[in-house]
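All of the numbers you see were taken from the coordinates with simple rules; none came from a lab. The model shown is predicted, which means the values in this text are computed figures rather than measured ones. Quick reminder, even Gly has a Cβ in these numbers, built from the backbone with ideal geometry, and neighbours come from all protein chains shown.
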Ligand SMILES: [Zn+2]
């Protein structure tokens, strides 16, 4: 296999893992992110930034604490205001496994899409452990929804592997529509999650078996960042997002966490040898859009490549979508 596969060569490490100038002291403040560095004016003004990983839902677990800033406005207005401040025109609104069912995800997706003036793009999710009928039902409903832009799955939270056979109809649907399938990867917010299901290596199998589907490893596979980088490097149909690597300024060692996340991101990008399949994401409301974009801006990469990460790659990937099956 290795002899015949064409793939982009690994570039030597481009960055030096600096970004040390970016973090500022934030201790003791609940709303420090509003005082952070502004990205360059040109980037803010271009309106092409796209956030691949946003949440805004009535099913968000413990919204009173699961937010980077206890004072943040967890509404469409609050989110779009932060998007405007960072020059983010649109984003994927990822539906949650905690929703009561597929109908609920689609209803909420449509509501938010409309309320945001089309800026929060609709997605859905399904839990295959609820059985084959649930999956068939989900796929039937998705088939009636031409606006759907992506499917998000939660293997660690719901205790299934990405290569679970019950997901075959989901992958068929994603291939027909040419919309990506995202996996929550790595650590789970919920201690009842089982993280063996959320390792990047488990996605390699579906990536090989479903070459006609594009997959996204969320959170750079954190903490398995190098493992995620390898799965992305090896498989041209696998992407990764940069979301949720740092959480709240309320947590100890926040500055160190930011510095560590930046180093790890630089390492992962160097291991992939390309930024073509790296997607900027925040995981708002867990991470501020200001910090999430700043970590990309701090990368030691040329402007054009940072712009690819900040939106170009997302638009190319999501632009493949067909509104109905081929
Ligand atoms: Zn998330």
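Summary of values
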| read-out | value |
| --- | --- |
| Selected residue (only one of 323, 277, 315 is touching a strand residue (DSSP E or B) at 6+ places or on another chain (Cβ under 7 Å) and surrounded by fewer than 19 Cβ atoms within 10 Å (Cβ to Cβ)) | 315 |
| Residue in the stretch 58-72 that is more than 16 Å from the ligand (Cβ to nearest atom), in contact (Cβ under 8 Å) with a residue 60 or more places away in the chain and buried (at least 16 other Cβ atoms within 10 Å of the Cβ) present | yes |
| Matching helices (runs of 4 or more DSSP H) fully within the stretch 129-195 where at least 1 residues are within 22 Å of residue 60 (Cα to Cα) | 132-143, 155-158 |
| Index of the failed condition, residue 146 passing every other in (1) in contact (Cβ under 8 Å) with a residue 60 or more places away in the chain; (2) surrounded by 16 or more Cβ atoms within 10 Å (Cβ to Cβ); (3) closer than 21 Å to residue 101 by Cβ | (2) |
| Residue list for the stretch 228-250, restricted to those being surrounded by fewer than 22 Cβ atoms within 10 Å (Cβ to Cβ) and in a loop (DSSP other than H, G, I, E, B) | 235, 236, 237, 247, 248, 249, 250 |
| Residue within the stretch 251-270 that is more than 18 Å from residue 203 (Cβ to Cβ), more than 13 Å from the chain's Cα centre (by Cα), within 16 Å of the ligand (Cβ to nearest atom) and crowded, with 19+ Cβ neighbours inside 10 Å present | yes |
| Filter result for the condition that a residue is out of contact with any strand residue (DSSP E or B) (no Cβ under 9 Å at 6 or more places or on another chain) and without any contact (Cβ under 8 Å) to a residue 12 or more places away in the chain, over 233, 253 | 253 |
| Given (1) within 16 Å of the ligand (Cβ to nearest atom); (2) farther than 24 Å from residue 214 by Cβ, index of the condition residue 281 fails | (2) |
| So residue 241, is it touching a residue at least 60 places away in the same chain (Cβ under 8 Å) and over 23 Å from residue 122 (Cα atoms) | no |
| Failed criterion for residue 220 (all others in (1) touching a strand residue (DSSP E or B) at 6+ places or on another chain (Cβ under 6 Å); (2) in a loop (DSSP other than H, G, I, E, B) hold) | (2) |
| Filtered residues of the stretch 80-94 (kept if within 16 Å of the ligand (Cβ to nearest atom) and assigned to a loop (DSSP other than H, G, I, E, B)) | 94 |
